[in-house]
Amino acid sequence: MHVVIVGCGRVGSRLALSLDRQGHSVAVVDRSELAFGRLGSAFGGTTVQGVGFDRAVLEKARVADADAVAAVTSGDNSNIVIARVAREAFGVERVVARIYDTERAQIVERMGIPTVATVEWSTERVLRRILPTEEEPVWIDPSATARMIESPAPARWAGRSVELFEEEGGARVAAVMRAGTSMVPNAATVIQDGDVLFLMVEDSALEAVGARLGGEN
């Protein structure tokens, strides 16, 4: 997959290196050419110098081909604008914004844009949001036969009830995070664009569930 990361600070550089090591295509955008020094010589992705919410700059980073965009600059306002441009102007479904102000983060979550706030925590959370089927489980049972995974609800599921989703098999929806608040759903709960799902999955069904999360069915 191709990921555009805007901001090459501690979070952005760690995120870029992690994705690059996993074999993904990565483009990193930053105002400062010097910031790219954090990536080191082993980084195999591309770098683009410029303002992250400038459409021409994002186009150089191949945002039109991006599967995900992470806005992790040091400015809340910039990250909000970058996330909205990526989603609304370029149609990128998986968008994450780093927001320091908790009240502002709640507002952004209501727009359907997941937010993250510490370097290690932010890097890990962004990876979970843009690679929901490739990260460590949120929880795994002692027998190692079932686990809970976290995944953004793909836009194509918006309007489906939890009951309809579960009828397809492979996973149960244990919780839904919406606008920054989690709830335990019932069968009639309707999935909305921007929801984050916490799914209980048996290990034997991981491949099938991963296909569903990836849009194969």
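The values are calculated or read from the model by the stated rules, or taken from the named source; none is laboratory data. All values reported here derive from a predicted model rather than from experimental measurement. Heads up, the Cβs are rebuilt from the backbone with ideal geometry, glycines too, and the neighbour counts pull from every protein chain shown.
Note on segment 21-49: among residues that are outside any strand (DSSP E or B) and either of a type in the set (Ser, Thr, Tyr) or under 16 Å from the mean Cα position of the chain (by Cα) (or both), the one that is farthest from residue 95 (Cα to Cα) is 41. Within segment 98-115, residues that are within 17 Å of residue 11 (Cα to Cα) sit with their Cβ atoms under 6 Å from residues that are small (Gly, Ala, Ser) and not in a loop (DSSP other than H, G, I, E, B), at 6+ positions apart or across chains, in these pairs: 98/122; 99/105; 115/97; 115/105.
Selection of first residues in segment 64-87 that are closer than 18 Å to residue 24 by Cα and of second residues that are surrounded by fewer than 21 Cβ atoms within 10 Å (Cβ to Cβ) and not hydrophobic (A, V, I, L, M, F, W, C), restricted to Cβ pairs under 6 Å at least 6 apart or on distinct chains, gives the following pairs, ordered by first then second residue: 65/2; 66/2; 67/2. Considering segment 163-217, the qualifying strands (runs of 3 or more DSSP E), each wholly inside and each with 1 or more residues that are more than 22 Å from residue 96 (Cβ to Cβ), run over 171-178, 196-202.
Give the residue that is surrounded by the most Cβ atoms within 10 Å (Cβ to Cβ), with candidates limited to residues of segment 175-205 that are out of contact with any Ser or Thr (no Cβ under 7 Å at 6 or more places or on another chain) and farther than 27 Å from residue 104 by Cα. Ranking the qualifying residues of segment 175-205, first place goes to 201. A Cβ distance below 6 Å, combined with a sequence gap of six or more or placement on separate chains, defines the contacts here; from segment 176-191, residues that are on the phi < 0 side of the Ramachandran plot reach residues that are assigned to a loop (DSSP other than H, G, I, E, B) and crowded, with 18+ Cβ neighbours inside 10 Å in the pairs 176/185; 176/195; 178/195; 191/153. Considering 140, 130, 113, the condition of being modelled with pLDDT under 90 and either basic (Lys, Arg) or surrounded by fewer than 16 Cβ atoms within 10 Å (Cβ to Cβ) (or both) is satisfied by 140 alone.
Determine which member of the set 37, 44, 75, 52 is crowded, with 17+ Cβ neighbours inside 10 Å and over 21 Å from residue 151 (Cα atoms).
52
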